[in-house]
Amino acid sequence: MRNPLIVVLLLFWLGSHAQDPMYSQFFAAPLQLNPAFAGVSQAPRIMTNYRNQWPSWPNAYRTFSVGYEQGLPQLNSGFGMSVLADDAGNGTYRTNKLSFFYSYEVRTKQDLRVKFGLEAGAYRTQLDWNRLTFGDQLDPLEGLGPNGTGAPSEENRPNSLANSQLDFSAGMLVYTEKFYGGIAMHHLNNFDESYLETVDALKVGKPMRVSVHGGAQFNMGGQNGLPSFVSPNFMIVRQADFTELMVGSYAAYGPVFAGAWYRNSGKNPDALVGLIGYRYGVMRLGYSYDVTLSGLTLARTGGAHELSIALTMDDSRANRKRRRKADLNDCFQLFR
């Protein structure tokens, strides 16, 4: 049965510049944050991420992605690729994206490095018109009626319910042994993602997403060949009229890691994010939960569940030691 509340929220979202899906575990999906992170793991790595937002409304917003990245230190480069699938409104609006990444590192002096990154992708959206519910379908007393389908709508169906576009992004990172900062600009080509035929002068393309992020790393030795450290960090994202601030800290003690962040949207509190995870061999597993703080309330939304799994190949103790020796100015353990 269709959920009118989800559809109303979805239509409002589509009509007010669709926002990109974002992971609370941004460090576990670095390619989605900034293309300059391509190759940050140095060793070949496969990353998977899943987010279920507002589970109290069945299948309201679900996002899944798979990524691969690898560094090429002999060329001061890194490359990667990712596939992302986003499902809004239980299949009402679907987004699929395939992206390729490249980064290049410049060492300006002994204790400072700069990385530049590029992303080129194919972006496709699909709208399931039959899942939409419009105002003229609702009865003032019975809503959608006993059959849950409502009256026939007089809304005009678009000629095409799918949209495919090319998408380009760029980013930069500046870092030392203890501190890093970066900026990324997504959707540089501002492509048209609309379905309705309007006057060309009135068309609005995909809003550019600009993110500024940074943090620090304070090492505390290691346990069982794995680093122990604390990494306070922040992220600011701006897209169209939407602004998001996320600030908190990540801590690792050998194979165990945890973290906590506060997220604010504009002037409104959005969520508290708690993280716990574990490393076992070549695998890193993380789980986080968003506690809703906004007026929607946790009881109505169910918060958000997020799971990340990363597999870092050729991650023996000898190779970790070799990479640490080669990257004394590196403060990116958070992203590995």
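The values are calculated or read from the model by the stated rules, or taken from the named source; none is laboratory data. Computed from a prediction, not measured in an experiment: that's the story for all the values here. All Cβ positions, even for glycine, are placed from backbone atoms using ideal geometry, and neighbour counts span all protein chains on display.
Looking only at residues of segment 83-108 that are under 30 Å from THR176 (Cβ atoms) and out of contact with any Lys or Arg (no Cβ under 8 Å at 6 or more places or on another chain), we find that the one that is modelled with the lowest pLDDT is THR108. Residues in segment 82-95 that are part of a strand (DSSP E or B), touching a helix residue (DSSP H, G or I) at 6+ places or on another chain (Cβ under 7 Å) and farther than 18 Å from ALA170 by Cβ: ALA88, TYR93.
Determine if segment 69-80 includes at least one residue that is assigned to a loop (DSSP other than H, G, I, E, B) and among the small types (Gly, Ala, Ser). Write out each step before concluding.
Going through segment 69-80, the residues assigned to a loop (DSSP other than H, G, I, E, B) turn out to be 76.
Narrowing the set further to residues that are among the small types (Gly, Ala, Ser) leaves none.
There is no residue in segment 69-80 that is assigned to a loop (DSSP other than H, G, I, E, B) and among the small types (Gly, Ala, Ser).
Going by the conditions given, is LEU311 free of Cβ contacts under 8 Å to residues at least 24 places away in the same chain and assigned to a strand (DSSP E or B)?
Against the criterion (free of Cβ contacts under 8 Å to residues at least 24 places away in the same chain and assigned to a strand (DSSP E or B)), LEU311 does not qualify.
Residues of segment 96-111 include at least one that is of a type in the set (Val, Ile, Thr), exposed (fewer than 15 other Cβ atoms within 10 Å of the Cβ) and part of a strand (DSSP E or B). For the criterion of being in contact (Cβ under 8 Å) with a residue 60 or more places away in the chain and within 17 Å of ASN34 (Cβ to Cβ), ASN90 fails. State which residue is nearest to PHE27 (Cα to Cα) when the search covers only segment 310-336 and only residues that are surrounded by fewer than 17 Cβ atoms within 10 Å (Cβ to Cβ) and at pLDDT 85 or above. My answer is LEU311.
Checked against (1) farther than 20 Å from SER228 by Cβ; (2) at pLDDT below 55; (3) of a type in the set (D, E, K, R), GLU306 passes all but a single condition, namely (2).
Just checking, does segment 276-283 include any residue being surrounded by fewer than 15 Cβ atoms within 10 Å (Cβ to Cβ) and over 23 Å from ALA43 (Cβ atoms)? Step through it out loud before you land on a result.
Restricting attention to segment 276-283, the residues satisfying the condition of being surrounded by fewer than 15 Cβ atoms within 10 Å (Cβ to Cβ) are 276, 278, 280-281, 283.
Still in the running and over 23 Å from ALA43 (Cβ atoms): 276.
Within segment 276-283 (the criterion being surrounded by fewer than 15 Cβ atoms within 10 Å (Cβ to Cβ) and over 23 Å from ALA43 (Cβ atoms)), the answer is yes, since at least one residue qualifies.
Put simply, of ALA216, ALA251, ALA184 the only residue that is without any contact (Cβ under 8 Å) to a residue 24 or more places away in the chain and hydrophobic (A, V, I, L, M, F, W, C) is ALA251. At pLDDT below 90, over 19 Å from the mean Cα position of the chain (by Cα) and either part of a strand (DSSP E or B) or surrounded by 22 or more Cβ atoms within 10 Å (Cβ to Cβ) (or both), is that true of GLN42? Yes: the conditions hold for GLN42.
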